[in-house]
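Below: one structure, written as structure tokens.
The values are calculated or read from the model by the stated rules, or taken from the named source; none is laboratory data. It should be emphasised that the depicted structure is a prediction, and the values quoted were computed from it without experimental measurement. All Cβ positions, even for glycine, are placed from backbone atoms using ideal geometry, and neighbour counts span all protein chains on display. Only protein heavy atoms, including side chains, enter the accessible area calculation; ligands, DNA and RNA are left aside. Shrake-Rupley method; radii C 1.70, N 1.55, O 1.52, S 1.80 Å.
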Amino acid sequence: MAGSAAGWVVCTALIVGRPVDPVVVAQAFLLTAVFYLRDRMAPAEQSADRVTMPERTHWLADHAVALRRLGRVLGALAVVTVVLRPAGLPWLLGGLGLSVSYTAKWIPRGGGRGGRIAWKQLPAAKEVLVALLWTVVTVFVPVAVAHGPWDRRVALTAVALWCLIATQILVNDLRDVEEDRRRGTRSMPVLVGTRIARLVGCLLCVAAGLTALLLGSPALVVISLATLVTVADYRREHDSRWRPWIEAQGVLAAALAVLT
């Protein structure tokens, strides 16, 4: 996942015509690794992951002490990248607030039912908000550090990446649909069913592909088609077949962008 975030930064720079900044690439990698470890090590998340990702969750539990130490080191290195590239700080602070509040139950529950819910329990929020967070880190921060310009290509790149990342999150939600339903997380597949959720994912891929054509980016066109195949054909029982592609999407996008 962290490598994918770094790859999307490279892809963004090449598409919008800005230099690839290794510090910003490292920053995306480090921040994604830190927050991925934070989420996966949280007891509430691990209880769900034991159902959806048992082997990975057991490995994380067995190496918990070392991984927490690694997380602190990666966090310190991420702070160094922020100091080196302060122009991205406003965007990062906004993304940090979104990330921290994503799983915290701070939103009052409506309908007179009392209690509070997290962002992730709002309808389809997993697809919308997590994809937005990735777009902040992989598009808006690199452009801010490069001091713009904030033009049409940046907007189209943000749209394309948001659609592709949202689709990959939706694929993960297809895997997690039963556990999300049990935990009250109203992901897209829970809300509308897996068939319509797949259709939504396919439409997002079409939107990403059309945007890629407007950008003149063969790399994003290919990634859009590959992601379309993924969301249409994904089945939980074959998750191991799809997992490398799902988690390396940005790396492959960057490689194609470099080659084209």
Legend entry - Label-to-label distance, nm, for residues given as ILE107 and ARG181 (7 Å Cα→Cβ offset): 2.2
Legend entry - Cα point-scatterer Debye curve for region 116-186, base-10 log of I(q)/I(0) at q = 0.20, 0.22 Å⁻¹: -0.81, -0.90
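Got a number for carbon plus sulfur as a percent of region 157-212's accessible area, 1.4 Å probe? Walk me through the numbers on the way to the answer.
Values: 1390 of 2150 Å².
The value for region 157-212 is 65 percent carbon and sulfur by accessible area.
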Legend entry - Highest average packing first - 235-242, 77-84, 194-201, Cβ atoms within 10 Å: 194-201, 77-84, 235-242
Inset, instruction - Give me the Kirkwood hydrodynamic radius of the chain, using the inverse of the mean 1/r over all pairs of distinct Cα atoms, in Å to one decimal. - result: 18.8
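Mind checking the per residue accessible area of the chain for me, 1.4 Å probe, whole number of Å²?
On the way: 12300 Å² over 260 residues.
I get 47 Å² per residue for the chain.
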Legend entry - For region 174-260, the Rg and Dmax computed from alpha carbons only, in angstrom: 14.5, 45
Inset, instruction - Mind giving me the nanometre distance, one decimal, between the label points for CYS202 and ASP151, set 7 Å out from Cα along Cα→Cβ? - result: 3.7
Inset, instruction - Find, to one decimal place in angstroms, the Kirkwood hydrodynamic radius of region 193-243, where the mean of 1/r is taken over every pair of different Cα atoms and then inverted. - result: 11.5
Inset, instruction - Report, in whole Å, the centroid distance computed from the Cα atoms of region 1-29 and region 133-147. - result: 9
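Quick test of the membrane-span-like rule: which DSSP H helices of the chain reach at least 24 Å along their long axis (C-alpha atoms) with mean Kyte hydropathy at least 0.0?
Numbers: long enough: 22-41 (28 Å, 1.07); 64-84 (30 Å, 1.73); 152-175 (35 Å, 1.00); 194-215 (31 Å, 1.84).
Helices passing the filter in the chain: 22-41, 64-84, 152-175, 194-215.
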